[in-house]
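If you scroll down you'll find the structure; I have some questions about it.
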Amino acid sequence: MGRVLVIGAGGVSTVAVKKIAMNADVFTDIMVASRTKSKCDQIAADIKNVKVKTAQVNADNVDELVALFNDFKPELVVNLALPYQDLSIMDACLAYGVSYLDTANYEPLDEAKYEYSWQWAYKDRFEKAGLTAILGCGFDPGVTGVYTAYAAKHHFDEIQYLDIVDCNAGDHHKAFATNFNPEINIREITQRGKYYEDGEWKDTDPLSVHKPLNYPNVGPRESYLMYHEELESLTKNFPTIKRARFWMTFGQEYLTHLRVIQNIGMSRIDPIMYNGQEIVPIQFLKAVLPNPGDLGENYTGETSIGCRIRGIKDGKEQTYYVYNNCSHEAAYKETGAQGVSYTTGVPAMIGAKLFMQGVWKKPGVWNVEEFDPDPFMKELNEQGLPWHEMFNVDLEL
């Protein structure tokens, strides 16, 4: 039996649940739950080969979650809800006794702060309960950690320099839209940049460091240094790393809209009073921006995400570039979602599958790079995210 409960009903969940259903030999019973049951019903209605159960749940409420777990009796809970809800879902998993997987680390609602410390603090409790918690099993974080572990296992004696590069060369034909939850996306991009070098973290002003990088099948794109959560776990788990950075591409039109949003106060995460009631500007903005889950139909182009690594092998310096390119059109044709949702939802399914098969299963709280990367890399090729390698090329960084 492989009973899986997915929490969340956005674009990533749409992909993950549909891919879970495509692997029905492993996942025998599937439920999707969120605050809005109609969204879950919509996902379930698109799946014809197996019956997908749906439920309404408030993921902030531990008692509601435990009651749902008692009703469905999952073996694994896949958290594709908001990062603010990670801890309540982990608490519920411990209270009921079920393993856990997510795609993004916890952040407090009132502060754009990305740290694994809150979730790493659960390690002893999950270990004592004999439960597994798999953290950050999307693409970045997620696949990028597996890529790094694969490189360390097969191609390097010592990884010294790591640059994660994320390019979305797609066009959704909207004046301004975010590719995943607007609130999370804008909070992430507008925070101060940070990278790791020579044993310490160094800060930069938001999007102040940038340079053009060439992406396979895409060409040059201006790429901006920013902080991303996997840098924290990767520098911890691969202590030979001397420098680790994360780069993401943004078009000028996107950045212009972002500056306006910031300048007029719409990116604020603190509550204000409006017409006698309290609202949070960025949450209001989310309500009026295009829904990321609806972008797929007219989305053209592709994403290109990978790891550019420099280090030592057999006493000699070596460079290595491992990456995936994902077509928005192909992703939509298969799952009805655009490529950014696809590249996050597929790895979540793969992590869940490896857990169900007992391959990625050990008590405690773990980041993906702490498991054997080989079976995950094999699944990527088979589940729609094939990867490619380049050796001893100019990494441009």
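What FRET efficiency, computed as 1/(1 + (r/R0)^6) with R0 = 22 Å and r the Cβ-Cβ distance, is obtained for Ala121 and Lys242, rounded to the nearest 0.05?
The formula returns an efficiency of 0.20 here.
In the stretch 90-205, with Lys and Arg counted as +1 and Asp and Glu as -1 at Cβ, which of these residues, Ile164, Cys93, Pro182, has the Cα nearest the positive end of the dipole, that is, farthest along it?
Working it through, the farthest residue towards the positive pole turns out to be Cys93.
While we're here: Let me know the charge dipole size of the stretch 186-269 about its Cα centre in debye, to the nearest 20, where only the beta-carbon of Lys, Arg (+1) and Asp, Glu (-1) is charged.
Here the size comes out at about 80 debye.
Ok, one more. Can you tally the net charge around Ala16? Count Lys and Arg as +1, Asp and Glu as -1, for every other residue whose Cβ sits under 14 Å from the Cβ of Ala16.
0
Given a Förster radius of 22 Å and the C-beta distance between Asp157 and Asn217 as r, what FRET efficiency does 1/(1 + (r/R0)^6) yield to the nearest 0.05?
E between Asp157 and Asn217, to the nearest 0.05, is 0.10.
Once you place label points 7 Å from the Cα toward the Cβ at Gln252 and Met390, how far apart are they in nm?
2.6
Using a 10 angstrom cutoff on alpha carbons, build the Gaussian network for the chain and name the most mobile of Ala45, Ala95, Ala330.
Sorting by GNM fluctuation, first place goes to Ala45.
Quick one: length gained pulling Ile312 to Thr28 fully straight, 0.36 nm per residue minus the C-alpha distance?
Once the chain is fully extended between Ile312 and Thr28, it gains 97.8 nm.
Express the relative contact order of the chain as a whole percentage, based on alpha carbon pairs under 8 Å and six or more residues apart in sequence.
The normalised contact order for the chain reaches 21 percent.
Using the crude model of +1 on Lys and Arg Cβ and -1 on Asp and Glu Cβ, and no other charge, please compute the dipole size for the stretch 9-63 relative to its Cα centre, in debye to 20.
Approximately 200 debye in magnitude.
Tell me the relative contact order for the stretch 255-347 as a rounded percent, counting alpha carbon contacts under 8 Å between residues six or more apart.
Reported relative contact order: 21 percent.
Just to confirm, what accessible area per residue do you get for the chain at 1.4 Å probe, in whole Å²?
I get 41 Å² per residue for the chain.
Moving on to the next point. According to the square roots a ≥ b ≥ c of the eigenvalues of the Cα gyration tensor, what is the shape class of the stretch 1-148, taking rounded for a/c under 1.5, prolate for a/b larger than b/c otherwise, and oblate for the remainder?
Taking the square roots of the gyration eigenvalues as a ≥ b ≥ c, the stretch 1-148 is rounded.
Select from the chain the helices, each a whole stretch of DSSP H, whose alpha-carbon atoms run 24 Å or more along the helix axis and whose Kyte-Doolittle mean is at least 0.5; answer none if there are none.
Once both thresholds are applied, what remains is 339-356.
Let me ask something additional. Check cross-link reach from Lys286 to the aspartates and glutamates: straight Cα distance under 15 Å, and skip same-chain residues fewer than eight apart.
In chain and number order, the partners are Glu183, Glu188, Asp270, Asp294.
In a shell of Cβ-Cβ distance under 11 Å around Thr204, excluding Thr204 itself, what net charge do Lys and Arg (+1) and Asp and Glu (-1) give?
+2
Taking a 30 Å limit on the Cα-Cα distance, which of the listed pairs Lys123/Lys242; Lys211/Lys361; Lys123/Lys378; Lys128/Lys353; Lys51/Lys353; Lys73/Lys174 fall beyond it?
Lys211/Lys361; Lys73/Lys174
Using heavy-atom solvent-accessible surface (probe 1.4 Å) with all chains present, what is the largest-first order of Lys378, Lys19?
In descending accessible area the options line up as Lys378, Lys19.
For every other residue with a beta carbon closer than 12 angstrom to the beta carbon of Ile159, add +1 if it is Lys or Arg and -1 if Asp or Glu, then tell me the sum.
+1
Treat each spin label as a single point 7 Å out from the Cα along the C-beta direction, and report the Val280 to Glu382 distance in nm.
Result: 4.0 nm between the two label points.
On the protein heavy atoms, probe 1.4 angstrom, tell me the percent of accessible surface of the chain carried by carbon and sulfur.
With neighbouring chains kept in place, the figure for the chain is 47 percent.
Still on this model: Name the residues of the stretch 28-46 whose amide N is less than 18 Å from a point 7 angstrom out from the Cα of Asn58 along the C-beta direction?
Answer for the stretch 28-46: 33-38.
Oh, and also: To the nearest 10 square angstrom, what accessible area does His257 show with a 1.4 Å probe?
Using a 1.4 Å probe on the heavy atoms, I get roughly 60 Å².
With a/c under 1.5 counting as rounded, go ahead and sort the stretch 326-397 into rounded, prolate or oblate using the C-alpha gyration tensor (a ≥ b ≥ c being the square roots of the eigenvalues; past the cut-off, prolate if a/b is larger than b/c, else oblate).
The shape class here is oblate.
Another one. Taking Lys113 as the anchor, which lysines have their alpha carbon closer than 19 Å to its alpha carbon, excluding any fewer than eight residues away along the same chain?
Lys194, Lys202, Lys236
If r is the Cβ-Cβ distance from Asn298 to Ala330 and R0 is 22 Å, what FRET efficiency results, to the nearest 0.05?
Rounded to the nearest 0.05, the efficiency is 0.95.
The values are calculated or read from the model by the stated rules, or taken from the named source; none is laboratory data. Since the structure is predicted, the reported quantities are computational estimates derived from the model, not experimental observations. Note that each Cβ is placed from the backbone with ideal geometry, even for glycine, and that neighbours are counted across all protein chains shown. Heads up: the accessible areas ignore ligands, DNA and RNA and are worked out on the full protein's heavy atoms, side chains in. Shrake-Rupley method; radii C 1.70, N 1.55, O 1.52, S 1.80 Å.
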